[in-house]
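First comes the structure, then the notes that go with it.
The values are calculated or read from the model by the stated rules, or taken from the named source; none is laboratory data. Everything numeric in this text was worked out from a predicted model, so none of it was measured. Note: ideal-geometry Cβ built from the backbone for every residue, glycine included; neighbour counts use all protein chains shown.
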Amino acid sequence: MGAQPAEGRAPVTIRHIAEKTGRSIGTVSRALKNQGGLTEETRAMIVTTAREMGYDFGNLKAGRIRRMAFLLHSQHSTLASSPFYSPVLHGAEAACRKHGIALSLFAVNPAEPVMELIRVHQPDAILCAGYFEPEVLAALRASGRPMVLVDMRLPGFTSANPDHRLGGYLATRHLVDCGRKRIAMLSGPLSHYSIQERVHGFRKALYDARRLADPDLEIVLPSVGDREQAVRDAMAGLLAMTQRPDALFCYNDSTALSAMRFCLDAGLKVPHDIAIVGFDDISAAAMAIPPLSSISIDKEALGAAGVELLMQTDASQMLEKILDVRLVVRESSYDD
C-alpha cells in the first residue's frame with residue numbers, strides 16, 4: 001500500500017490524482033473504479049499513482065462484480081495438479097452462481113502477456129489459484145481490480161489458504177506416534193508458499209518430538225522434468241541408505257502414491273517396512289492399495305472462500321483466511 005497522508009494533511013482526492021497524472025477527473029475516476037474505456041497502461045499508471053499518494057480506496061463505491069477470472073498457473077494445469085485444483089474451481093463456481101457471477105478459467109503462462117488477457121476479457125475481479133511469480137501478481141494488482149490469492153500468500157494481498165503448516169505437523173506427528181524413528185520427506189519447490197509451510201510443519205513435529213533433523217532425509221524434487229521418474233530416483237536414494245527411512249511424508253498425494261508404488265515394486269511392505277502419509281486427500285488416496293493416509297483439505301470450501309473474500313474486500317483491505325485441515329488415517333501408515 002502507498003504512503004498515508006501526513007497527520008493533519010487534507011486527504012488525497014481524485015482531483016489531486018488528476019493533477020498529478022495530467023489526466024481528467026473522469027479518467028481517474030474510471031480507472032479507480034475499474035470501468036471501461038481506458039488502456040491497461042493508463043489504468044495501471046493511475047492506480048499506482050493513487051497508491052503512492054496515499055489515496056483511500058475505501059472512498060470508492062465498489063461496483064458489482066459480474067465477471068470473475070479464475071487464473072491458474074500453467075504449471076498447475078497438469079494431471080498431477082488437477083485432482084487438487086479441479087475441486088477448488090468447482091467450489092469457486094458454486095459460490096459465483098450464488099452471487100450471479102460469471103466465472104471464466106484461464107491457464108496462465110507467465111511468458112505470455114497476462115495483462116493482454118485481462119484487457120481482452122475485462123473481468124471485474126481476479127482469483128489467482130496456486131503459485132504465481134511475484135512480478136505477475138504485481139502486474140495484475142496494478143490493474144486496480146479486486147484480487148484474491150487462493151492457496152498462495154504474499155504480504156499485501158488478500159488470501160485464502162488451508163493451514164498447511166498444521167497439516168505438515170499432524171502428518172509427521174502421526175508417524176512419530178506410530179513409533180517410526182527415521183522419517184523422510186519428499187517436497188516440491190520451496191518457492192511455493194504451501195510447500196514451505198508443509199516443510200515447516202514437518203520440522204516442527206520432529207523438533208517437538210526431540211528428533212534431530214537429518215538433511216539427508218529431506219528431498220526436494222525438481223520442478224521440471226518427469227515427476228514420476230524424479231520420485232523413483234529420490235526413493236531409490238533413500239532406500240539405498242545404510243539406515244533407510246521407516247516412514248515417509250510427501251508434500252502431496254500424487255507424490256506419495258508414486259513413492260508407494262516404488263516401495264511395493266521394490267518388495268517392501270507398506271506400512272510394515274515403511275509408513276507413508278500424503279497431503280491433499282485427493283480421491284485416488286482412498287482408492288489406493290493400500291489406502292493412503294493423508295491430510296484432508298476441503299478444496300471446494302477453499303475455492304468458495306476466495307470468492308467470498310472478493311465479495312467483501314476492496315483495495316484498502318488486506319484479509320487472510322485460514323481453513324482447517326484434518327488427518328485421515330488409512331492403512332498406508334497404521335499397522336494394527
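Numbers below:
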quantity: Single residue of Ala266, Ala256, Ala284, Ala288 found to be under 15 Å from Leu327 (Cβ atoms) and either of a type in the set (Gly, Ala, Ser) or surrounded by fewer than 23 Cβ atoms within 10 Å (Cβ to Cβ) (or both); calculated: Ala256
quantity: Selection count, the range 65-87, where residues are at pLDDT below 75, touching a Gly at 6+ places or on another chain (Cβ under 8 Å) and either surrounded by fewer than 16 Cβ atoms within 10 Å (Cβ to Cβ) or part of a loop (DSSP other than H, G, I, E, B) (or both); calculated: 1
quantity: Hits in the range 220-276 (condition: assigned to a loop (DSSP other than H, G, I, E, B) and acidic (Asp, Glu)); calculated: Asp226, Asp246, Asp273
quantity: Matching entry among Leu310, Leu319 (being surrounded by 24 or more Cβ atoms within 10 Å (Cβ to Cβ), modelled with pLDDT under 95 and either closer than 30 Å to Gly144 by Cα or among the β-branched types (Val, Ile, Thr) (or both)); calculated: Leu310
quantity: Residues that are of a type in the set (A, V, I, L, M, F, W, C) and part of a strand (DSSP E or B), drawn from the range 153-193; calculated: Ala160, Ile183, Ala184, Met185, Leu186
quantity: Any chance Arg198 is in contact (Cβ under 8 Å) with a residue 24 or more places away in the chain and outside any helix (DSSP H, G or I); calculated: no
quantity: The lone exception for Ala62 - which of (1) modelled with pLDDT under 90; (2) part of a helix (DSSP H, G or I) it fails; calculated: (2)
quantity: Boolean, Arg153 is out of contact with any Lys or Arg (no Cβ under 6 Å at 6 or more places or on another chain) and under 19 Å from Gln312 (Cβ atoms); calculated: yes
quantity: Residue list for the range 109-145, filter: in a loop (DSSP other than H, G, I, E, B), more than 19 Å from Thr42 (Cβ to Cβ) and in contact with a helix residue (DSSP H, G or I) (Cβ under 6 Å, 6 or more places away or on another chain); calculated: Asn109, Pro110, Gly130
quantity: Considering residues of the range 235-250 that are touching a residue at least 24 places away in the same chain (Cβ under 8 Å) and not hydrophobic (A, V, I, L, M, F, W, C) only, the residue surrounded by the fewest Cβ atoms within 10 Å (Cβ to Cβ); calculated: Gln243
quantity: Single residue of the range 96-138 satisfying the filter (among the small types (Gly, Ala, Ser) and under 23 Å from Leu38 (Cα atoms)) that is nearest to the chain's Cα centre (by Cα); calculated: Ala138
quantity: Count of residues meeting criterion [farther than 24 Å from Gly100 by Cα, within 20 Å of the chain's Cα centre (by Cα) and assigned to a loop (DSSP other than H, G, I, E, B)] in the range 277-317; calculated: 2
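Conditions (1) farther than 19 Å from Gln196 by Cα; (2) within 25 Å of the chain's Cα centre (by Cα); (3) not acidic (Asp, Glu), marked per residue:
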site	(1), (2), (3)
Ala247	yes, no, yes
Cys250	no, yes, yes
Ala259	yes, yes, yes
Gly267	yes, no, yes
